[in-house]
Amino acid sequence: MLEFLRSYHFVYNVLIVVFSTLVTLLCIPSILHVARARHLYDDVGHFRKQHDQGIPRLGGVAIFVSFTITALLFSIIDKALPVSYLLTACIILFAMGLKDDLSGVNSSTKFLIQFVVAAILVIPGDIRISSMYGVFDIFALPYIPSVILSILVIMLVINSFNLIDGIDGLAATTGIIANSTFAALFIYMQQYELAAISLAMVGAVLGFLRFNITPAKIFMGDTGALLIGLVTAVMAIKFIELSKISTVKLPFIYTAPALIVAILIGPVFDTLRVFTIRILNGKSPFDADRNHIHHRILKIGLTHLQTTMVLACLNLVSIVMVLIFNGLNNSLLIVLIFLLSLSFNWAITYFIRLKRRGFLMFRNFGD
């Protein structure tokens, strides 16, 4: 199988995506049928919901089934990735996400399970960040700081994907962009097993997106968002670690930390922004609100699809910027990426205020 992959890896990679997509497409109609028969709908009365009718939120079940089957069937077992630890973490997170989608899970339990999952990947799985590549003058990390940082990064990315799952197609599109980029990078680095894992997720989410684009027929729920976040976090850490020892010396290898930030900037920036605002306002960072970037864009008047496309384009611009300016150091590139996101956020604020002023002027004119 390894020889086949080396000789025909393009066909093999396409087959992974097609198979994973088909599994999801076959699963979702059955899930929709069961959800409707059992009245397993989203809570349309919640103030953060964007829909006025009940929609099943079990799409993550199809994503999990498709990803797991494809990963087991197509992955090449070698030392590049401890698949057993990855799938163990996925199963634990899937069980918690499913319970949350069906009956709810309190926040402390969620974070405890996420911590356990991250610890499994980092300590026995040894999937951890061992160097900062000189970002802010930090290079090799001792074991304990490496473990702590890696667990925090995994938990941050998992929750970031969960928090952006607020409108049709956004979390799915972001997951596809991130894992497609990782797949392309791993293929260039000749890390075909890691590419297979990323492509299995791409296909699983592509099949789901068919039913999630406006008007959405199903949501991925916590089950899907947490799983996408977990796999994306693992791929990010593997890429940054393999960049140190890769024999393929491409320009992007030297800017791996900045490239990781660019790939994940959408969900991570939004999470850090809303957490900071909530803390400054004296609220818990975990209090739900409608201040996420996608909610703010909707206030301007864009649709779910338009909002998703705008944020996807911003994500792609960040990635392309790092690839073009790979001669700059990582610290400067990371600062530029965050400045781009801040500028975009300020532009959204400007347009929201402009629309409000226009509305007030129209109302005053009517009076």
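The values are calculated or read from the model by the stated rules, or taken from the named source; none is laboratory data. Small disclaimer: the values here were computed from a predicted structure and weren't measured. Quick reminder, even Gly has a Cβ in these numbers, built from the backbone with ideal geometry, and neighbours come from all protein chains shown. Quick note on the areas: whole protein, heavy atoms, side chains included, nothing else; ligands and nucleic acids left out. Shrake-Rupley method; radii C 1.70, N 1.55, O 1.52, S 1.80 Å.
Computed from the C-beta positions of Ser108 and Arg38 and an R0 of 30 Å, the FRET efficiency is 0.60 to the nearest 0.05. The stretch between Leu354 and Ser284 holds 22.2 nm of extra length on full extension. This uses 0.36 nm per residue minus the Cα-Cα distance. Taking only the C-alpha atoms of segment 213-297, the Rg (one decimal) and the largest Cα-Cα distance, Dmax (whole number), read 16.9, 50 Å. As a fraction of the 1.4 Å probe accessible area of segment 88-128, surface on carbon and sulfur atoms comes out at 69 percent.
Probing with 1.4 Å while keeping every protein chain in the model, the per residue accessible area of the chain equals 46 Å².
Which one of Thr21, Thr68, Thr88 has the biggest mean-square fluctuation once the chain is modelled by GNM with Cα springs under 10 Å? Checking each option, the largest mean-square fluctuation is seen for Thr88. Above 17 Å, the calculated P(r) of segment 137-181 contains 50 percent of its Cα-Cα pairs.
Globularity index of segment 125-252 is 1.14 (Cα radius of gyration / 2.2 N^0.38 Å, N = number of residues).
Peptides 56-63, 132-139, 334-341 ordered by packing proxy, namely the average of other Cβ atoms within 10 Å per residue, highest first: 56-63, 334-341, 132-139.
When the Cα centres of segment 266-288 and segment 155-193 are compared, how far apart do they sit, in Å? Taking the Cα centre of each part, segment 266-288 and segment 155-193 sit 21 Å apart.
Helices meeting the span-like rule in the chain (full DSSP H runs, Cα extent of at least 18 Å along the helix axis, mean Kyte-Doolittle score of -0.5 or higher): 9-38, 59-74, 83-102, 107-122, 143-163, 170-188, 192-212, 221-245, 256-280, 304-324, 330-366.
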